[in-house]
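Accompanying notes for the structure given below.
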Amino acid sequence: MQGEPKLPGGFDHLPFVDPAAPKGGTMRYGVYGTFDNLNPIIVRGATTTARGIWFDPDFGNLVFEPLMWRSPDEPFTLYGLLAESVDTDPERTYVEFTLNPKARFSDGTPVTVEDVLFTTDMMKEVGTVRPQYTDWLSKVAKIEKVGERGVRFTFNERADRELPLLLAGLPVLPEHGFDRATFAQTTLKPVIGSGPYVIDRVDPGQRIVYRRNPEYWAKDLPVKRGLDNYDEIAISYYRDAGAQFEAFQKGLFYVFADGNPQHWRTAYDFPAVKDGRVVRETFQSGKPAGTYGFFFNTRRSMFFDRRVRQALGLLYDFEWANRNLYFGSYSRIAGYFANSELSSVGRPAGEKERGLLSRFPDAVLPEVLDGAWKAPVSDGSGADRKLLKQATDLLKSAGFDFRDGRLVDPEGRPFAFEILVQNSDQQRIALGYQRTLGRIGIGVSVRLVDDAQYQLRKQRFDYDVLISSFNSTLSPGAEQRGRWGTVSAKANGSFNYAGVANPAVDAMIDAMTAARNREDFVAAVRAYDRVLISEAYVVPLFYVGEQWLARWSFIHHPDTIPLTGIYFPAFWREPGN
């Protein structure tokens, strides 16, 4: 997207793998939740597709593969996989991929241009597949076959400079492996892909087992040397976080990424840790902190007014929670790209940012534009009078008042809402927030539901407030439209949990995806960050600036990790163990 790839042409292997890593054995993973679908691109079952099938943030692409492989060690860089070459013009009005003649699906059938065309045909079905795919393809004027192995995407006026990279990241599904008439339906029948593993066994909602394909076509490609090291990968599902960790202690699965400081400090006093059979490690990551917090569903009228959202944001007492619940281990999230050069926090807006924002004079608060804004800091009492007063002043300016000890809206209705949570950790966070909100007469209920109901309600935007998160990258781009863009605000199954439909947000995303150099890109992201902060769509919670991993000692990893941190596809199992 910007600059040059880090690795030279003809590189032998990735810098964060061991090309001589031994292969063999079984890797067992344990995850929270359930699954009821093996088709990774449809809306139905989008949030309950089996882990590992496609674009898994932890386990990689085990079954389906993209045309090009995105590097976890470089922002905005892709290398060839199903496509052996790529061509585009300086203006990026088109992109043409030439398929690798060696590419095969697991049943031995060649990967063809017709498979690419079938996949994109299916992705154009609005309401059938995940919204981001239909949005990307809506910017393509024509898709055509070129020769025997080439496929060319010609763009329309809506396209941006990132579109070639997005299309390069699309999965390729086999036309002969799916029925067009039933494509939109969830399935538990093992699907065929071109990836390194095939689906061996499926226990619906409980476990999926992948078996390595010994004939995997790409095993000797430079981007694949040192990866996919297990003969078998088994992913077990747990409905309860306590049961999940207990299973890890018993050796029922082999790696546990822990994000809870209290748990990391106190939960590892068991025999396998004491005698060295379980190893604990800390990793550093170059990724921004990401987004984690209470998302206000602005599709609900109670959250229309920015002042209301700002007031509610003042009332989460991070200092109290961090000291009393988390041993002071967390840092407060400030903005949407905290802990990176992309963050606007503490930086006055430069000339380029101000130019981008000039069309939207009311979009950014003065203190955010000047770099003076900071996340609120309480006295840690759980009832900071200064912050309570600031919040009530904002609510009164929005027309709210107090009646019989309760806060009422301008129509005289009691101000009350529900926070939807999916596990006990979220419930504990929400209950602390409920207590503070109750001090100014806001009625809050906390609803804990099972994973299936949680995913369904999230997919349909059936909530007032939701605790959720987004991973952040050093290369934000078109995916932001699916999180904060108007195009996704009403699209069921999108990640626009807050229901954002804001022209200023859309314009900043457009500027990010149009940037031709790093300076323009950073300015666009910071301007975008300022708009999101000013609009207070989320009450930011906290993050840990490092990654914690517990693993059984027979599981190993390379000495070097990529920019994004822990990379499970490069791990291996010690032979004979």
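Read-outs throughout are calculated quantities, based only on the coordinates presented, and are distinct from any laboratory measurement. For clarity, every value in this text was computed on a predicted model and none was experimentally measured. All Cβ positions, even for glycine, are placed from backbone atoms using ideal geometry, and neighbour counts span all protein chains on display.
Brief remarks on what is shown
- Using θ = phi - 60° in the Karplus curve 6.51 cos²θ - 1.76 cosθ + 1.60, the 3J(HN,Hα) couplings for region 532-538 round to 5, 4, 5, 7, 6, 6, 9 Hz; x is entered for Gly and Pro.
- Length-normalised contact order of the chain in % [C-alpha pairs under 8 Å, at least 6 apart]: 22
- Net dipole in debye of region 28-196 [+1 Lys, Arg Cβ; -1 Asp, Glu Cβ; about Cα centre; nearest 20]: 360
- Cα-Cα separations in region 28-196 greater than 27 Å, expressed as whole percent: 23
- Taking only the Cα atoms of region 304-381, the ratio Rg/Rh comes out at 1.04, with Rh defined as the Kirkwood radius.
- For VAL146, the residues 5 or more places off, or on other chains, whose built amide H falls under 5 Å of its own are VAL151, ARG152.
- Cα pair distances in the chain, grouped into 10 Å bins until the bin that holds the longest one, percent each: 3, 16, 26, 28, 18, 7, 1, 0
- Computed over region 425-577, the percent of Cα pairs more than 17 Å apart is 74.
- Rounded to whole numbers, the Karplus 3J(HN,Hα) couplings from phi for region 566-577 are 3, 9, 4, x, 8, 6, 8, 9, 4, x, x, 10 Hz, using 6.51 cos²θ - 1.76 cosθ + 1.60 with θ = phi - 60°, and x at Gly and Pro.
- The helix-only estimate of mean residue ellipticity at 222 nm for the chain, built from DSSP H runs of length n ≥ 4 each weighted as -39500 (n - 2.57), is -7000 deg cm²/dmol after division by the residue total.
- Residue-span extension gain [PHE554 to ALA452] - 0.36 nm each, minus C-alpha spacing: 33.3 nm
- The base-10 log of I(q)/I(0) for region 159-285, evaluated at q = 0.13, 0.14, 0.19, 0.21 Å⁻¹, reads -0.87, -0.97, -1.21, -1.26 [Debye formula, identical scatterers on Cα atoms, solvent excluded].
- Around the amide H of ARG300, modelled in the peptide plane, lies no amide H under 5 Å away from a residue 5 or more places distant or on another chain.
- Scalar couplings 3J(HN,Hα) for region 495-511, obtained by applying the Karplus form with A = 6.51, B = -1.76, C = 1.60 to θ = phi - 60°, are 9, 7, 5, 7, x, 6, 9, 10, x, 5, 4, 4, 5, 5, 5, 4, 5 Hz; x denotes Gly and Pro.
- Length-normalised contact order of region 28-196 in % [C-alpha pairs under 8 Å, at least 6 apart]: 30
- Gyration tensor analysis over the Cα atoms of region 220-325 returns equivalent ellipsoid semi-axes of 37, 23, 16 Å (largest first, whole Å).
- Kirkwood hydrodynamic radius computed over region 495-577 comes to 16.8 Å, based on all pairs of distinct alpha carbons.
- Exposure proxy for GLU479, GLU546, GLU125: other Cβ atoms within 10 Å of each Cβ, ordered fewest to most, give GLU546, GLU125, GLU479.
- Relative to the longest principal axis of the Cα atoms of the chain, the long axis of helix 424-438 makes an angle of roughly 20 degrees.
- Net charge dipole size for the chain [Lys, Arg +1 and Asp, Glu -1 on Cβ; Debye, nearest 20]: 1240
- Distribution of pairwise C-alpha distances over region 336-376, 10 Å bins, in %: 29, 57, 14
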